[in-house]
Amino acid sequence: MTWWLLASPVPEGAPDYRREQMRNLWVGAWLCLVVAFLRRQHRQADPWIDLALFRRRDFSLPLAANALCFFVLYGTQFFTAQYLQLVLGLSALHAGLWTIPSALGYLAGSALAPVAANRVRPVVTLSASLAVTAIGFGLLTQVGPQSGLPFVVAGSVIAAVGLAPVYGLTTELTVASVPRARAGTASGLLTTTANLGGALGIAFLGSLGGAIYGRGALSDPLTSDSARDAFTLAFRVVEGGGASLIAASALVSAVLLRRRLAPA
């Protein structure tokens, strides 16, 4: 179905509106199949996906937080690589090397996560980690068309330090919130929603940034400087939106999970 959506059978030389109609038709067919599948799962005595799990706040909220982090992370990575090369003029090798600090930050966050989990309640650790992640992505809104490398490195490192505990905690909380017989289902849903969140992040944030870039690049005579300015603006807007979403997730987690995950 995914392949059909990307390469739907449209006659060669068909006008653009015809291609758009065909793609909308395939999207509609895909959504109908999803709805039919979910309705069937709801009626099954032993479904593949137990929809009742999503009514559990201590299951659905960590699941959503994890998917949201992948949504923003993948969209950020999509823009960061292009910003380093197209705006700052770095080679692919140098751009890749400047992402190593964020990997080290992820290792540091992974090492600190168990220490924090043993000292404070999981909901506090989760909310604080989401807040740190939002700060890291928020720093990326300060990049400029000429000198944004320090903000890219610092923001990526801080975001990575915050993301590492989020991934571990959401996995633990999601699996622990369901009956033992549903642990495999919970783990599978966590992986699926993370991949879906990442794909949607590239699609939606990439489309948003592309629209902003296109509008900015066409507003003035197209030059290398105006193109860099337009792409930088798109990058900053996307990161501002992503940081705001994760900050809201931190607040929601702190408020709605506080009682459910309180110690007995």
Quiz prompt | Highest average packing first - 152-160, 86-94, Cβ atoms within 10 Å | solution = 152-160, 86-94
Exercise. Decide, for the range 125-214, between rounded, prolate and oblate: order the square roots of the alpha carbon gyration tensor eigenvalues as a ≥ b ≥ c, take rounded if a/c falls under 1.5, and otherwise choose prolate if a/b is larger than b/c, else oblate.
Key: oblate
Quiz item: Quick one: what does P(r) look like for the range 56-256 with 5 Å bins over all Cα pairs, in whole %?
Solution: 1, 8, 15, 18, 19, 14, 10, 7, 4, 2, 1, 0, 0
Practice problem: Calculate one ³J(HN,Hα) per residue across the range 245-256 by plugging θ = phi - 60° into the Karplus curve 6.51 cos²θ - 1.76 cosθ + 1.60, and present them in order as whole Hz with x for glycine and proline. | Solution: 4, 6, 4, 5, 5, 4, 5, 4, 4, 5, 7, 7
Quiz prompt | Estimated vicinal HN-Hα couplings, Hz - the range 192-209 in sequence order (Karplus 6.51, -1.76, 1.60; Gly, Pro = x) | solution = 5, 5, 5, 5, 5, x, x, 5, 5, x, 4, 5, 7, 5, x, 5, 4, x
Quiz item: Can you list the HN-Hα couplings for the range 210-216, worked out from phi with the Karplus curve (6.51, -1.76, 1.60; θ = phi - 60°), rounded to whole Hz and with x for Gly and Pro?
Solution: x, 5, 5, 4, x, 5, x
Practice problem: Based solely on C-alpha atoms, express the radius of gyration and the Dmax of the range 77-153 in angstrom. | Solution: 15.2, 45
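Here, each number is a calculation from the coordinates, and none is a lab measurement. All values derive from a computational prediction rather than experimental measurement. Note: ideal-geometry Cβ built from the backbone for every residue, glycine included; neighbour counts use all protein chains shown.
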